[in-house]
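Structure record follows, encoded as structure tokens.
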Amino acid sequence: MLYIPCPHCGLRNETEFHYGAEAGVAYPEPNTLTDSEWAKYLHIRANPKGWLAERWVHYAGCGRWFNLWRNTITHEIGPAWLPFTTKPKAPGNIGQEGPRV
Amino acid sequence: MSEISFSFDDKSYKGHPGEPMAAALLRSGLLTITNSTYHGRPRGVVGLGVEEPNALVQLVSGTMESMLPATVIEVAAGLAARSLTGIGALPDHPEEARYDKTNRYVDTLVVGAGLAGLKAAEEHLRAGREVMLIDDQPGPGGHLRQLGQELPPALREVLAHKNLTYLCRCTATGLYDQNYIVAIERRSDHLGNAAPANRARIRVWHIRADQVVLATGAFQRPLIFANNDRPGILLSHAAATYVAVHGVRGFRTAVVATVDNQGYRDALRLHKAGVTVQGIYDVRPGAGGPSVDAARAAGIPVRFRATVLDTGSNTAGALDNVIIRDLDTNETIQIAADLLAVSGGWTPIVDLATHIGIKPKWSAEHAAFLVSHTTDRLRTAGMLAGDFGGDDDPSVYFGPALDEEQSRHAYIDLQRDATLHELRRAVGAGLHSIEHIKRYTTIGTAHDQGKTSGMLTIGALCQLNALSPGDVGTLSFRPPYVPVPFAALAGRERGPLSDPIRITPLHQWHVEAGAVFEDVGQWKRPWYFPEPGEGMEAAVRRECVAAREGVAVMDASTLGKIDIQGPDAAVFLDRIYTNMFSTLPEGQCRYGVMCKADGIVFDDGVTTRLGKNHFLMTTTTGGAARVLAWLEEWLQTEWPDLKVYCTSVTEHIATIALVGPKSRQLLQELVKDTDLSKAAFPFMHSREATIDDIPVRIARISFSGELAFEINVAWGYARHIWERLWALGAGYGLTAYGTETMHVLRAEKGYIIVGQDTDGTQTPYDLNMSWVVSKKKEFIGKRSFQLPHLKAAGRLQLVGLLPGNVDEVIPEGAYITVHNAGPDEQGKTPHTGFVTSSYYSPMLGRAFALALVAGGLDRMGEDVVVPVGKNLLRATICDAVFIDKENLRRD
């Protein structure tokens, strides 16, 4: 049960949130893309072992979307930030295992 | 202490309240508790607690819980149990006991109230922290308690500290990310029939702790030798505790087999309690330390480089003699004994640590896997961390060399009856990984999940392959640490409380009218309204005829409704829906379809423009929450520049659908201030009106193809409007209808239900709805329509289906195969689609269906075959609109 820092409500249990996959994948201008580029936008997301910037929504709380650093191996939680604000530095090397909790 | 009676296998036994049932049974001389699951061999108590692999019983008193070890059941007034061989039985009556759950946030959680746990609690209390201390035993002290000793005064003070919550009989079952712990507290079984009726039997604790200290202790482990499963063969610490603390007097002569100094301490306890210890047989070449000196001083014979090879039994199957082997000369001697106390070293309880992925490390010095893990959030203490506290000096030893015949009765997992012979066969079959061997042999898969057998398996594997346990590694333990009753996890969320129930303001009317309900999500919706003596089929036909020929009414309040306001609302809806909404005049309604970015239809519904910057969107009943979430996601994460506000108003606005040729006339009697005529109030228009001075919004929306009016009214006024319709409706033959009739009516018109007539792969084009896709604007999903696979031939498309037998309603979900197509090269008949909606139409006088068929829109008139059971039903593909293709009825 992850303990997730909602930027509006503070630390809350994972069951109050929905996951929104990789953060920072902006909706592209659809008609400038080839079929394969469009398919990549639709279906391909980063899935590293290690630190990943993710989108989450606090659906059972404030209902707001935000971004979060999370380590996909150790499940460590890093800082959260609001959409369209500056992304904080990754807590460790991206794409590498951190230490276990 | 006073004695009370309890019953086991219908016989009465005496015991002290609070002591383990196993102790009371042993004291009364009952050595054999049950027979083993697969081999049928007599088995008795082995251990002291949850590690017990043998002595499973079923409660007959109270909740009748199955598969509890007799070592953890406390003697209490009214206790009744029976022996159990392997597989438990569920009681035939519903669980009546109460269960609950609670949450707790603490600074520090300490798991284990032994010496190490108590000291950790003291440390954290001294630092000013709030501490929770949980322990699965009936009292604190851990090992001290098993020695029958009192806590030192300093630690008794810890327990009285105001910032400490101490819970006994509370077992941590799982450790999860960010120090989240689930624990189950047993609150009433130990009180027997004195337990208050309203007390929860088990409370599930969900604990979030800033810091966690794991002081979970260790289990003693057995040794692998021939016939190591007889009643009378116990772990030495358990044997000594039963004799010295619980007054078990049945054992007269004991043999102790050991690999460490713990065996000496237990031998001394047995000796002091009056048991004749024939000898301590120690695999080590020599041993020293206070424990050894004390045993020797008491006159207990000690023999090094010797261990137990085999055992013999009396006619009752209990231990009768022990065969000792000299490990240097291989000579054997036989010794008569009724107790064999085995000390195979300690296995620290690493389970919780491994739940979050910590890998235990092998320590040859401790002959054990340890977790000496320290971070600022989690640390281990006591035996788990390698602090064994004594002079143990164990040898890494798991049992003597055994020949094939001996290995057949050398048990590794007593509950599974899995032997060394089977483990050797697994290795012989080429299995190396401990996880594979576990699955091949079933070792460690019983109720105890390998608490004693896991380490023996690793040890035996090391002996076979000349490896160190560090090379093999431990098994992965997963939560829960002990079995948890489902009733405890359910808590009070059972029966009617298992899921929230949503009802409309007309619910009570439906109940009084005798409606049969169906669940749609959490909503209770009337399914049909049977007249006395009427079945579903007859009721639905009657309701359909009323809607098509007279007037009928339905409660449509469960429709999802989202109020959308803001200067950019129209722009926003243009991006969300495949069709245009910015051109929709105020006071008019439009059907819309929304797709995900991949071009697949996601939801549909009618949206009404109430003002320049104000829309009311309706969604499918089940889709309301996910549509609102979808709108919010785009507004928040992609288009923050749009000024649009979305609010769920599903439960603010009740909706009554009045349907049928006579609906206009009936409604006009109630509505005095608005002209409902065709000319004054066209189809897909919306009007503000009043009924008895109550503001209503009436819309000419039809989900049946008939002339129809949707009356929207504030939730609390719905019953009044509904009653007024009924007061006037008698003269019109007004008929209430439910969801089944709604489905027949909408399917006759080829109106889809997203999720029933779609399977998550349909574009609007596949649903023959190219008219709903705007060519003039961008919207979510549009780009995907250009992708080759969405334009390919052979996609599943929505069509109608007319069964050859007009009375045969084909089951929904049935596969459709090609007529006259024989089996392919693999001998299979390929399917070409499936039935999505299927009903009997009173209007058509026949059965009909909607279906998704590969390339179906180009296959009109084709005969297909629908295999149902052993029958091959004939059907013909047709247009999905069965009634009134010209849309003449709706006016």
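FYI, it's all coordinate maths here, none of it is from the lab. Keep in mind it's a predicted model, so treat the numbers as computed, not measured. Using ideal geometry, Cβ is built from the backbone for each residue, glycine included, and neighbour counts are taken over all protein chains shown.
One Cα centroid belongs to the range B:591-664, the other to the range B:73-116; the line between them spans 49 Å. The Cβ shell under 10 Å around B:V204 holds other residues with a net charge of 0, Lys and Arg each +1, Asp and Glu each -1.
Remark: chain A projects, on average over all directions, an area of 7.2 nm² (convex hull of Cα atoms). For the range B:447-598, the Cα-based Rg and Dmax, in that order, read 30.0, 88 Å. Whole-percent P(r), the protein assembly as shown, all Cα pairs, 20 Å bins from 0: 11, 31, 28, 22, 7, 0.
Local charge for B:R303 was computed over the other residues whose Cβ lies under 14 Å away, with Lys and Arg +1 and Asp and Glu -1, and equals 0. Cα centroids of the range B:674-691 and the range B:454-504: 63 Å apart. If you plug the beta carbon distance of A:C62 and B:F486 into 1/(1 + (r/R0)^6) with R0 = 51 Å, you get a FRET efficiency near 0.95. Percent of Cα-Cα pairs more than 16 Å apart in the range B:398-469, please. In whole percent, the long-distance tail amounts to 39. Paramagnetic label reach from B:Q786 (point 7 Å along Cα→Cβ; backbone nitrogen cut-off under 20 Å): within the range B:545-585, residues B:575-580.
From least to most packed, judged by other beta carbons within 10 angstrom and beginning with the fewest, B:D393, B:D858, B:D107, B:D555 follow the order B:D858, B:D107, B:D393, B:D555. Direction-averaged projected area, Cα convex hull, the range B:428-493: 5.1 nm², rounded to one decimal.
With one equal scatterer per alpha carbon and no solvent term, the Debye-computed log10 I(q)/I(0) for the range B:561-712 at 0.09, 0.10, 0.16, 0.18 1/Å reads -0.30, -0.37, -0.88, -1.08. For the range B:790-878, dividing the convex hull volume of the Cα atoms by the residue count gives 101 Å³ per residue.
The fewest-to-most ranking of B:Y105, B:Y99 by surrounding Cβ atoms within 10 Å reads B:Y105, B:Y99. Across the range B:560-648, the mean sequence separation of Cα contacts (distance under 8 Å, 6 or more residues apart), normalised by length, yields a relative contact order of 39 percent. Please label the shape of the range B:223-343 as rounded, prolate or oblate, based on the square roots a ≥ b ≥ c of the eigenvalues of the alpha-carbon gyration tensor (a/c under 1.5 means rounded; beyond that, a/b larger than b/c means prolate, else oblate). Cα axes put the range B:223-343 in the oblate bin. The string of couplings for the range B:773-778 from the Karplus curve (6.51, -1.76, 1.60, θ = phi - 60°) is 9, 6, 8, 9, 9, 7 Hz, one whole number per residue in order, with x for Gly and Pro.
For the range B:130-272, the alpha-carbon coordinates run over 48, 38, 36 Å along the three principal axes, in decreasing order.
Centre-to-centre, using Cα atoms only, the range A:35-87 and the range B:7-47 are separated by 56 Å. Here, the range B:4-83 has an Rg and a Dmax of 11.5, 35 Å when only alpha carbons are counted. For chain B, the longest principal axis of the C-alpha atoms and the axis of helix B:718-729 are separated by about 50°.
What the Cβ-Cβ distance of B:A727 and B:I501 gives, at R0 = 30 Å and to the nearest 0.05, is a FRET efficiency of 0.55. Each of B:N163 and B:V60 was given a label point 7 Å from its Cα along the Cα-to-Cβ line. The distance between the two points is 5.1 nm.
When its C-alpha radius of gyration is set against 2.2 N^0.38 Å (N residues), chain B gives a value of 1.28. If R0 equals 22 Å, the separation of the Cβ atoms of B:A297 and B:A466 corresponds to a calculated FRET efficiency of about 0.05. Ellipticity at 222 nm from helices only: DSSP H runs of n ≥ 4 in the protein assembly as shown, each -39500 (n - 2.57), divided by the residue count, give -5500 deg cm²/dmol. With K and R counted +1 and D and E -1, the other residues having a Cβ less than 12 Å from that of B:P505 yield a net charge of -1. Each of B:H271, B:H124, B:H652 has some number of other Cβ atoms within 10 Å of its Cβ, and from fewest to most they run B:H652, B:H271, B:H124.
For the range A:3-81, the relative contact order comes to 32 percent (Cα pairs under 8 Å, sequence separation of at least 6). Answer rounded, prolate or oblate for the range B:580-631, using the Cα gyration tensor with square roots of eigenvalues a ≥ b ≥ c: rounded when a/c is under 1.5, else prolate when a/b is larger than b/c, else oblate. Taking the square roots of the gyration eigenvalues as a ≥ b ≥ c, the range B:580-631 is prolate.
Look at the alpha carbon pairs under 8 Å that are at least 6 residues apart: their mean separation over the length of the range B:550-704 gives a relative contact order of 30 percent. Shape call for the range B:659-737 from the C-alpha gyration tensor, a ≥ b ≥ c root eigenvalues: rounded (a/c under 1.5), prolate (a/b greater than b/c) or oblate? It is rounded, given that a/c, with a ≥ b ≥ c, falls under 1.5.
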